[in-house]
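Read the structure below first, then the notes.
The values are calculated or read from the model by the stated rules, or taken from the named source; none is laboratory data. Predicted model, so just to flag it, every value in this text is computed and none were measured. Don't worry about glycine lacking a Cβ; one is built from the backbone with ideal geometry, like all the others, and counts go over all protein chains shown.
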Amino acid sequence: RKGAEVMETNHLALETGYEYIKNNYHDLLAAFTMPELENPQPKLFMLGNEAVALGALTSGAKFMSAYPITPSSEIMEYMVKYAPAEGGVMLQTEDEISACTMAIGAAYAGARAFTATAGPGLSLMAEAIGLAEMTETPLVVIDTQRGGPSTGLPTKHEQSDLMAAIYNTHGDTAKIVISPSSIEESFYDTFEAFNLAEEYQCPVIVLSDLQLSLGKQSVTSLDYGKLQVRRGKLVKDGLPEIKSPEYFKRYDLEAEGSISMRVLPGTPNGISLGTGLEHDEVGRPSENRAMRTAQSDKRLRKVRSVVDTFESPLYEDAPYPQSDLLIIGMAGTRAVISEVAEELREKGLRVNHVQIRLLSPFPVCALNHYLQEAKKIVVVEHNATAQLARLIKMNVPPCPELHSILKYNGDIFYKEELLAKCKEVL
């Protein structure tokens, strides 16, 4: 923009400087020769948020509604740039309540739809997430955790939304909560979130954190060949004929696996009601006590099998059948824990490391083996109330003694400090 004369002068300066070094300091120049690449495969250089957005697009997501909030806004920016080319829409709403309810409406109409936010927005979405639960509508919510409560630390790191992601919706709700621990997993887990939302007809929350969502790293080229879109029990035609005043049994209590057939508005012979009120099998509002109990049980029961079908509920770096130390983390702590585990192993200690990737329903059996075979256990997390450790204790009876290593000043863990704290426990 400064014109050809400035560009030519700059090029001349660069070329003259290079020729001078080459002619007068040849040995110095040779010392800076780039070595051969040991691993020349192509890689991507991307933010965790970009991986999330790419995972959503790859899954076939056609609608995103969201309100800008740090540290999730890059997901919106990515979708604004690339969604239209895939036939999709990114709509900025006036607040997070609208964002969540618009995504529910789009999903009810048949689109793969999602929203992305941080802790304050997740709080505002709580009632709407319950609507998706009650109507058994697929919904994906990305929560990139930051410091709280209230507006808290908007640009600092924390992992304090764990209990909110699982329990903040009023009433008894069946959500699926998954937590990627690397940028690659951010891509694959977001893709899978849309499959799970449609298969189980429920909200799925992808729980990231600031360190992971805003971290930019080299990523091994993604394997699209292993990805498969699964839309669950979605029926578009061929339903048995119904006659007024009959309705389609959208919330069939006898459905296999407690997951009933899902139809889109306008499907022939698929007329039913959708309401946030408790309802009968066709969706009519109902306060019948037996129906209330049966429908509630149906919604809660259907997600239990996720534990058995979810691929890799734990990230496992656990080479020892029995360990001197087991280190447990979630989301963005994986990298620093890996460094600490490797250094302790070099000192002759048997150290196992797992990251919990499926938080709800909780993978009790997968984790319990490691808990029972460890002499010492530390849980590393970024909050003041040891939420991950509490979740483990709630789900694993009897639970061995857990030592919590906590940090909640907005900064990430560094290898030296985490190493020192692990040595204290040992």
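Which residue out of Ser150, Ser160, Ser181, Ser186 is closer than 22 Å to Gln387 by Cα, without any contact (Cβ under 8 Å) to a residue 40 or more places away in the chain and hydroxyl-bearing (Ser, Thr, Tyr)?
When all the criteria are applied, what remains is Ser150.
Working only within segment 197-223, note down all residues that are in contact (Cβ under 8 Å) with a residue 12 or more places away in the chain, surrounded by fewer than 24 Cβ atoms within 10 Å (Cβ to Cβ) and not in a helix (DSSP H, G or I).
Gly215, Lys216, Gln217, Ser218, Val219, Thr220, Ser221, Leu222
Asp411 passes all but one of (1) acidic (Asp, Glu); (2) more than 27 Å from the chain's Cα centre (by Cα); (3) under 18 Å from Gln145 (Cβ atoms); which number fails?
(2)
Report whether or not Val303 is more than 22 Å from Asp209 (Cβ to Cβ), of a type in the set (A, V, I, L, M, F, W, C), surrounded by 17 or more Cβ atoms within 10 Å (Cβ to Cβ) and touching an Asp or Glu at 6+ places or on another chain (Cβ under 8 Å).
Numbers: more than 22 Å from Asp209 (Cβ to Cβ): yes; of a type in the set (A, V, I, L, M, F, W, C): yes; surrounded by 17 or more Cβ atoms within 10 Å (Cβ to Cβ): yes; touching an Asp or Glu at 6+ places or on another chain (Cβ under 8 Å): no.
The answer is no for Val303.
In the list Ile405, Ile392, which residue meets the criterion of being assigned by TED's automatic domain parsing to the domain that holds Gly329, within 25 Å of the chain's Cα centre (by Cα) and not in a helix (DSSP H, G or I)?
Just one listed residue meets the conditions, Ile405.
Would you confirm whether any residue within segment 357-366 is more than 24 Å from the chain's Cα centre (by Cα) and part of a helix (DSSP H, G or I)?
No; the residues of segment 357-366 include none that is more than 24 Å from the chain's Cα centre (by Cα) and part of a helix (DSSP H, G or I).
Which pairs have Cβ atoms under 7 Å, sit 6 or more apart or on different chains, and link a residue in segment 76-95 that is in the same structural domain as Asn49 (by TED's automatic domain parsing) and touching a residue at least 24 places away in the same chain (Cβ under 8 Å) to one that is among the hydroxyl-bearing types (Ser, Thr, Tyr) and surrounded by 15 or more Cβ atoms within 10 Å (Cβ to Cβ)?
Pairs that qualify, where the first residue is in the same structural domain as Asn49 (by TED's automatic domain parsing) and touching a residue at least 24 places away in the same chain (Cβ under 8 Å) and the partner is among the hydroxyl-bearing types (Ser, Thr, Tyr) and surrounded by 15 or more Cβ atoms within 10 Å (Cβ to Cβ), are Leu91/Ser65; Gln92/Tyr67; Thr93/Ser65; Thr93/Tyr67; Asp95/Tyr67.
Looking at Ser181, is it touching a Ser or Thr at 6+ places or on another chain (Cβ under 9 Å), over 21 Å from Gly55 (Cβ atoms) and not in a strand (DSSP E or B)?
no
Take Val52 and decide whether it is within 21 Å of the chain's Cα centre (by Cα), farther than 18 Å from Val219 by Cβ and assigned by TED's automatic domain parsing to the domain that holds Met102.
On the way: within 21 Å of the chain's Cα centre (by Cα): yes; farther than 18 Å from Val219 by Cβ: no; assigned by TED's automatic domain parsing to the domain that holds Met102: yes.
The answer is no for Val52.
A quick yes/no check of all residues on (1) of a type in the set (A, V, I, L, M); (2) modelled with pLDDT under 95; (3) closer than 24 Å to Asn383 by Cβ:
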{"residue": "Gly88", "(1), (2), (3)": "no, no, no"}
{"residue": "Thr101", "(1), (2), (3)": "no, no, no"}
{"residue": "Arg112", "(1), (2), (3)": "no, no, no"}
{"residue": "Ala116", "(1), (2), (3)": "yes, no, yes"}
{"residue": "Gly121", "(1), (2), (3)": "no, no, yes"}
{"residue": "Leu124", "(1), (2), (3)": "yes, no, yes"}
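Output the residue which, of all residues in segment 146-173 that are polar (S, T, N, Q) and crowded, with 21+ Cβ neighbours inside 10 Å, is farthest from Glu381 (Cα to Cα).
Thr173
Mind checking which residues of segment 69-109 are more than 25 Å from Gly232 (Cα to Cα), exposed (fewer than 15 other Cβ atoms within 10 Å of the Cβ) and not charged (D, E, K, R)?
Pro84, Ala85, Gln92 - these are the residues of segment 69-109 that are more than 25 Å from Gly232 (Cα to Cα), exposed (fewer than 15 other Cβ atoms within 10 Å of the Cβ) and not charged (D, E, K, R).
Would you pick out the residues in segment 319-341 that are within 24 Å of the chain's Cα centre (by Cα) and outside any strand (DSSP E or B)?
Met330, Ala331, Gly332, Thr333, Arg334, Ala335, Val336, Ile337, Ser338, Glu339, listed by residue number.
If we only count helices (runs of 4 or more DSSP H) wholly inside segment 1-115, which ones have 3 or more residues that are within 30 Å of Ser181 (Cβ to Cβ)? Full working, then the answer.
Details: elements: 4-24, 26-30, 48-59, 73-82, 96-108.
Hits in segment 1-115: 48-59, 73-82, 96-108.
Residue check: is Leu406 closer than 23 Å to Gly215 by Cα, of a type in the set (A, V, I, L, M, F, W, C) and without any contact (Cβ under 8 Å) to a residue 60 or more places away in the chain?
Criteria met by Leu406.
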